[in-house]
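What follows is a set of notes on a single structure, which appears directly below.
Every read-out reported here was derived from the displayed coordinates using simple, explicitly stated rules and does not represent laboratory data. Nothing here was measured: the structure is a model prediction, and the numbers come from that model. Counting neighbours? That spans all protein chains shown, and the Cβs are built from the backbone with ideal geometry, glycine included.
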């Protein structure tokens, strides 16, 4: 792997050692790591001098997208990284696992009769432990129903009939995909969620990050949160996206480059011609795993693709923002995407990157296609495309978990391009995959013992999900290879970790 | 076991005049557990003489008053050492997330699952089977401690189990923030690889001061400087995000 990267140098790492700008010590460790891993042509970027913000109208320094979004939300004209500010929240999302705790804290701190700050700005999306007989899990959905009823929460995507998810007209499924599909993600806004993958929404050019129950309880009562403005790392991806490559490969490439703590406390800003060519769902996949690099949030500058998606789903007005030309970035990475190859993250870390083709001797036991990272409509389309191109049957159990009701319906309704009208579901069936199951987070994080596709044995699984630490999908000795939908489908066909080019070229 | 403190008694008189493990202003996320059965002077699982026996009249009780920054906070007890990138699934496996931490009965149950996600290579369990409390007060970590999910169950289960502090080489940000917001465990950055310097079972003290905080490993006799708590300081000193916001006038003082 290393040799091919060095000879073709698909990227140049420019990084600077931040001087004492008040960042927590861990950020210095992560920058150091960047310097250790970069190869050839290290250029130290020149950083604009940091000026402290002033309320008396001094010369304005350029701001990054994230700085601008936070400044506006804090009703300030200027912020710099390191500032601790009170920020107005546009949307707060919670789900079945953390919602009860967040509301519990809200009531404890604001009083049993307290009312939430704005019942139209809270979105409650049960999705984690839904299709299970675990009594506590079921109870948590009931608890959320009670809170939503009492507080008149406008957006509660409820489920009451666990036997047939389609019998529930309001139920959506995976929160991050549902937020986008239901029009809750808008450029320029601040979105918080009690889930680490809330950073997914940064694909829409907004500030989106995960928080804990206590912070969420605070937001429920006040509509505000105390945040420290993060510095921004810029990732510029240029070049034509190869037909066998997906956004998942891009983000695994990046995390492999900077490590699981490479972006701790920082914003990851993605731009460049490749980014501009990505669909919204692909952009969501990219931002989804920002947290796996330790990032605070991810952002992508909104454009026509973004506006088209958003305006089709919401009529709430929004105001996009963009990084200034003279904004300061703490690190700059450039990638020539045309030179990249499909990659996986080997057990047991999302930064344990390897070329898919170099893992072809790894025998696998199962494949899992699902989650907020890799269970969206386009993820299933990609897998179906590959299965169709191959015309073969899978060699290992292949589990399909559409992220939301809408994705599930797309799987059954949409035809795969070039397949003579066959739907994704038909192709999956012909390839011998398991029947697409009820929408939820499923086995991405293991879950209660009876969760569909949970890793209950020490097996090897190729998965389109986001984390592969020990025990992530259930069994502590389970071996999880994180991969793109193409790579997952290719691997299912051979029973080994497989580069999708085996079937796509 | 041989009293590991006896030989260090004289050396550490300077740094540890008072033995108190409750560095937190108040425990927030559970009901009625203010009598800490794990105050070190009464720790049942191991016999340690306090370094200095002194009346605690000079020490402000922590139950309601916010600590002033000048006050010393000290945690003392056994270390439990883990490696790098201990993610939230290892701290609290996802199957236990159905437990609601703000529910007082469930809070203590959460403690019994703390760090049960660690692989089999960890020979010592953090919490013994069937127990809800740990014998270890200080978790010593490597880099990126607490990475992964935003689940607050992670710092909460450590606190529920009785840990007082996590001293790691570096922290993942959501875990750090949640630890500060809940006040469940005191998160501290070390400057060196303390996870290599300490062993599970070492006796240690963490001392927090205005200028310089330290981790003292009594078993090895070594001391390590800890980074200042930084911007989280005012929030911790106030007693968590709600208390801080009340002090700052962001929210009204008393809940209805």
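The antiparallel fraction among DSSP beta bridges confined to the stretch A:87-227 stands at about 15%. Dimensions of the stretch A:100-179 from C-alpha coordinates, computed as largest minus smallest value along each principal axis and given longest first, are 37, 25, 19 Å. Rounded to the nearest 5, the antiparallel percentage of DSSP beta bridges internal to chain A is 30%. All C-alpha to C-alpha distances of the stretch A:369-461, sorted into 5 Å bins beginning at zero, yield P(r) values of 2, 15, 25, 24, 18, 10, 4, 1, 0 percent in whole numbers. Dividing the summed -39500 (n - 2.57) terms of all DSSP H runs of n ≥ 4 by the residue count of chain A sets its mean residue ellipticity at 222 nm at -9000 deg cm²/dmol. Principal semi-axes of the equivalent ellipsoid, √(5λ) from the alpha carbon gyration tensor of the stretch A:288-354, are 29, 18, 14 Å from largest down.
The Cα center of the stretch A:424-482 and the Cα center of the stretch B:89-110 differ in position by 23 Å. Taking a ≥ b ≥ c as the square roots of the eigenvalues of the Cα gyration tensor of the stretch A:224-323, is the shape rounded (a/c under 1.5), prolate (a/b larger than b/c) or oblate? Oblate, because a/c is 1.5 or more while a/b does not exceed b/c. Sorted largest first, the principal axis extents computed over the alpha-carbon atoms of the stretch A:87-227 equal 41, 36, 22 Å. Both the radius of gyration and Dmax for chain A are 22.1, 68 Å, in that order, over alpha-carbon atoms.
Using a Debye calculation, one point per C-alpha and no hydration shell, please list log10 I(q)/I(0) for the stretch B:97-256 at q = 0.14 Å⁻¹ in order. Scattering profile of the stretch B:97-256, log10 relative to I(0): -0.74.
Taking a ≥ b ≥ c as the square roots of the eigenvalues of the Cα gyration tensor of the stretch A:418-505, is the shape rounded (a/c under 1.5), prolate (a/b larger than b/c) or oblate? The shape class here is oblate. The stretch A:345-502 has equivalent-ellipsoid semi-axes of 23, 18, 12 Å, by the square roots of 5 times the alpha carbon gyration tensor eigenvalues, sorted largest first. Spatially, the stretch B:156-218 and the stretch A:75-145 are offset by 28 Å when compared through their Cα centroids. Cβ-Cβ distance of residue B:131 and residue B:200, R₀ of 22 Å, FRET efficiency by 1/(1 + (r/R0)^6): the value works out to about 0.85.
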